[in-house]
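Worksheet: one structure, shown below.
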2 protein chains.
Amino acid sequence: MLFSKSCIYGLRASLYLASNQNGEYISIGKLSDKLDISFHFLTKILQQLTANDLLESLKGPNGGVRLSKPGKQITLLDIVLAIDGDELFQECVLGLPGCGMEKPCPFHEIWLHKRDDIKRMLETRSLAEMAKEGKEGHLRITPDGKYKWD
Amino acid sequence: MLFSKSCIYGLRASLYLASNQNGEYISIGKLSDKLDISFHFLTKILQQLTANDLLESLKGPNGGVRLSKPGKQITLLDIVLAIDGDELFQECVLGLPGCGMEKPCPFHEIWLHKRDDIKRMLETRSLAEMAKEGKEGHLRITPDGKYKWD
DNA sequence: AATATTTAAGAGTATTTTGTCTTATTTATA
DNA sequence: TATAAATAAGACAAAATACTCTTAAATATT
């Protein structure tokens, strides 16, 4: 599994938020309902994104969360790093500590390129861009595909 | 994490075995000692490889495990598939069931290439080849680097 | 000011992965 | 044939991940 479940949920919610970019807060209840993700679990995940200044939140009636800046300025990598950290882009395929140029494992050289490739893919794509593609291509971000990018 | 711990241990042990290719059985006790992997845990993992006909085992004195065929004929992918299955090469980045050409998620298209790339990398490299590179380059397959490809 | 609605925080539970231990089974060797 | 050395198998334990529940804090609305 490339990303943790938490990270996946965070990405899906972020894409939702990016597709509803009119500045208003969206409640986590609505998000969890639309995306079929447990409310409390999603709440915690979004708290991490808020703590990382990717989202901003408001308590109380009509409160919720929204992107802290235009979706064009938040990359997929931002979300991944905020939730899963940079382990995926740091760690050794064989799990060896301190695997690097100095004392590499047999996988080091070949994996380096792949993982940088993945990182670049996430880095060069914004939430806005992904959400736009999702909307235009009628792509899924829910298991049952019920979310229609209203 | 790309591979599970089990898979990592299986790969490291397989590389060890491929570097000691003179047909004799090597005890799991020796393997676990050299590679710093828990004996019982490693035993179970190697049983999976044996069950998949990648290794063959012999009980009793001078028993142990060895590659079931020349290391040149076993790919890294063989080991990965035997332990982790093909999930990594099948599953959706967003964890959506049945994500494919018909009803893709926004990541589908871009991830497809990356994962095929990784698969090809594992498919085109044999244990023998990797072990040879490891030996010649004095590369690590243990956390402390104490294994010296005797 | 009171109330209802929402996120924040943290304790608690369940599931999966990782690792340990014990007992059985096989087999080479003396 | 007895013994010791090894894998096989399965129960058990610990740790990490995933998920749930309860209570607190903030805030818009009446």
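To the nearest 0.05, what FRET efficiency results for A:D86 and B:Q47 with a Förster distance of 35 Å applied to their C-beta separation?
On the way: r = 35 Å, r/R0 = 1.00.
Calculated value: 0.50.
Viscosity 0.890 mPa s, temperature 25 °C: give me the Stokes-Einstein translational D for the protein assembly as shown in µm²/s, with Rh taken as the Kirkwood radius over C-alpha pairs.
On the way: Rh = 21.2 Å.
Once the numbers are plugged in, D ends up at 116 µm²/s.
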For this session: For region A:1-86, compute the number of Lys pairs whose alpha carbons are separated by less than 24 Å, excluding pairs fewer than 8 positions apart on the same chain.
Result: 14
Exercise. Which of the residues in region B:95-123 lose at least 30 Å² of accessible area when you go from the chain alone to all protein chains together (probe 1.4 Å)?
Worked result: B:L96, B:P97, B:K103, B:P104, B:P106, B:F107, B:I110, B:W111, B:K114, B:D117, B:I118, B:M121
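For chain A, what does the accessible surface come to per residue with a 1.4 Å probe? Please give it in Å².
Details: 7270 Å² over 150 residues.
Here the per-residue accessible area is 48 Å².
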For this session: Distance between Cα centroids, region B:23-73 to region A:7-56: provide it in whole Å.
Result: 47 Å
Seminar exercise, completed: Under a Gaussian network model of chain A whose springs join Cα atoms within less than 10 Å, the largest fluctuation of A:L94, A:L76, A:L49 belongs to A:L94
Problem set entry | 0 to 90° range, to nearest 10: angle between helix A:39-51 axis and chain A longest Cα axis | 70 degrees
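Please compute the net charge surrounding A:E123, taking Lys and Arg as +1 and Asp and Glu as -1 over other residues with Cβ under 13 Å from its Cβ. Before the final figure, lay out the partial values.
Values: positive: A:R115, A:K119, A:R120, A:R125; negative: A:D78, A:D86, A:D116, A:D117, A:E129.
Local net charge: -1.
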For this session: With only Lys, Arg, Asp and Glu charged, each at its Cβ (+1 for the first two, -1 for the last two), find how big the charge dipole of region A:5-136 is about the Cα centre; round to the nearest 20 debye.
Result: 400 debye
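Give the A-B buried accessible area in Å², both sides summed, 1.4 Å probe, nearest 100.
Working: alone 8960 and 8980 Å², together 14570 Å².
Protein heavy atoms only, the A-B interface buries about 3400 Å².
Could you pull out the trypsin sites (Lys or Arg not before Pro) across region A:68-127 that fall in loop regions by DSSP (anything but H, G, I, E, B) with no more than 13 other Cβ atoms inside 10 Å?
Values: sites: A:K72, A:K114, A:R115, A:K119, A:R120, A:R125; in loops: A:R125.
Sites meeting the loop and neighbour criteria: none at all.
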Exercise. What's the angle, to the nearest 10 degrees (0 to 90), between helix A:127-136's Cα axis and the longest principal axis of chain A?
Worked result: 60 degrees
Exercise. Roughly speaking, what is the stretch gain from B:S27 to B:K72, that is 0.36 nm per residue apart minus the C-alpha to C-alpha distance, in nm to one decimal?
Worked result: 14.0 nm
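Ignoring any ligand, DNA or RNA, what whole percent of the accessible area of chain B comes from carbon and sulfur when the probe is 1.4 angstrom? Can you show the working numbers first?
Numbers: 3600 of 7300 Å².
So the carbon and sulfur contribution to the accessible surface is 49 percent.
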Problem set entry | Counted charge near B:K132, where neighbours are those whose Cβ lies closer than 11 Å (Asp, Glu -1; Lys, Arg +1) | 0
For this session: Select from region B:93-127 those GluC sites (Glu not before Pro) which occupy a DSSP coil region and have at most 11 other Cβ atoms within 10 Å, ordered by residue number.
Result: B:E102
Exercise. Taking the Cβ-Cβ separation of A:K119 and B:E129 as r and a Förster radius of 25 Å, what is the calculated FRET efficiency to the nearest 0.05?
Worked result: 0.40
For this session: Please list, or write none, the aspartates and glutamates whose alpha carbon is within less than 15 Å of the alpha carbon of A:K119, excluding same-chain residues fewer than 8 places away.
Result: A:D78, A:D84, A:D86, A:E87, A:E91, B:D117
Seminar exercise, completed: Out of B:S14, B:L54, B:V65 - ranked by how far each Cα lies towards the positive end of the dipole of region B:1-138, with unit charges on the beta-carbon of charged residues - the top one is B:V65
Exercise. Isolated Cys in chain B by the 4.7 Å beta carbon test?
Worked result: B:C7, B:C105
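Based on Cβ point charges of +1 for Lys and Arg and -1 for Asp and Glu, what charge dipole magnitude is obtained for region A:66-150 about its Cα centre, in debye rounded to the nearest 20? It would help to have the intermediate numbers written out before the result.
Numbers: 14 positive and 15 negative charges, 92 e Å.
That gives region A:66-150 a dipole magnitude of about 440 debye.
The values are calculated or read from the model by the stated rules, or taken from the named source; none is laboratory data. All of these numbers come straight from a predicted model, not from anything done at the bench. Counting neighbours? That spans all protein chains shown, and the Cβs are built from the backbone with ideal geometry, glycine included. Side chains are part of the model used for accessible areas, which takes the heavy atoms of the whole protein and leaves out ligands, DNA and RNA. Shrake-Rupley method; radii C 1.70, N 1.55, O 1.52, S 1.80 Å.
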